[in-house]
Amino acid sequence: MRVNVEVNGKQRTADDVWEGESLLYVLRERLGLPGAKNACEQGECGSCTVYLDGVPVCSCLVAAGQTEGRSVRTVEGLADGDKLDPVQAAFVAEGAVQCGFCTPGLIVAAHDLIARTPNPSDAEIREALAGNLCRCTGYEKIMDAVRTAAAAAGGGQ
Ligand code: FES
Ligand code: FES
């Protein structure tokens, strides 16, 4: 089937999509957007998180056919050209990236949290990121990055 979907503000078309094909596969393999990562393909790790109509979802669990006519925003779409989004910049500045597999999903989840809750408590950060697993960092630097991003976005610490 053909799928027409807006991705990062541009209308995109994917052809020959099979019925069970995931949005994650279409983004990575058909549309050249490798930001969302495929770590478990079972909805367990959050590394594939993208916005679908403004709501974070695990793109490995969304059938591409379900996205017809809808809007997707990936981690690539958070930056403004070469200018990183404050959440992206904070992950770099705080050294919250090691292997990087979890990072795109964490950034989308943190971006959503800060949009909804500009000055999140540590408990709110932990709750918002509970679906995103990281095997490398021990999460402390990720917490630091989200606090820094929230402050940069104007929420204060
Ligand atoms: S790859 Fe989608 S949740 Fe792990
Ligand atoms: S940095 Fe490696 S899984 Fe998080």
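Quick check, is Val57 away from ligand 2 (no atom under 16 Å from the Cβ), in contact with a Phe, Trp or Tyr (Cβ under 7 Å, 6 or more places away or on another chain) and in a strand (DSSP E or B)? Let's see the steps before the verdict.
Values: away from ligand 2 (no atom under 16 Å from the Cβ): yes; in contact with a Phe, Trp or Tyr (Cβ under 7 Å, 6 or more places away or on another chain): no; in a strand (DSSP E or B): yes.
No: the conditions fail for Val57.
For Gly105, the conditions (1) in contact with a Gly (Cβ under 7 Å, 6 or more places away or on another chain); (2) in the same structural domain as Val17 (by TED's automatic domain parsing) all hold with the exception of (2). Does the range 82-92 include one or more residues that are modelled with pLDDT of 95 or more, aliphatic (A, V, I, L, M), under 12 Å from the mean Cα position of the chain (by Cα) and within 21 Å of Gly154 (Cα to Cα)? Among the residues of the range 82-92, at least one is modelled with pLDDT of 95 or more, aliphatic (A, V, I, L, M), under 12 Å from the mean Cα position of the chain (by Cα) and within 21 Å of Gly154 (Cα to Cα), which makes the answer yes. I'd like the residue in the range 28-41 that is more than 6 Å from ligand 1 (Cβ to nearest atom) and free of Cβ contacts under 8 Å to residues at least 40 places away in the same chain and, out of all such residues, is nearest to Cys99 (Cα to Cα). Here the answer is Pro34. Please go through the range 1-27 and give me each residue that is touching a residue at least 60 places away in the same chain (Cβ under 8 Å) and assigned to a strand (DSSP E or B), ordered by number. Across the range 1-27, the qualifying residues are Val3, Asn4, Val5, Glu6, Val7. For the range 117-138, the criterion of being part of a loop (DSSP other than H, G, I, E, B) and under 30 Å from Met1 (Cβ atoms) is satisfied by at least one residue.
The values are calculated or read from the model by the stated rules, or taken from the named source; none is laboratory data. Note that the structure is predicted; figures quoted are calculated from it, not measured. Backbone-built Cβ (ideal geometry, glycine too); neighbour counts: all protein chains shown.
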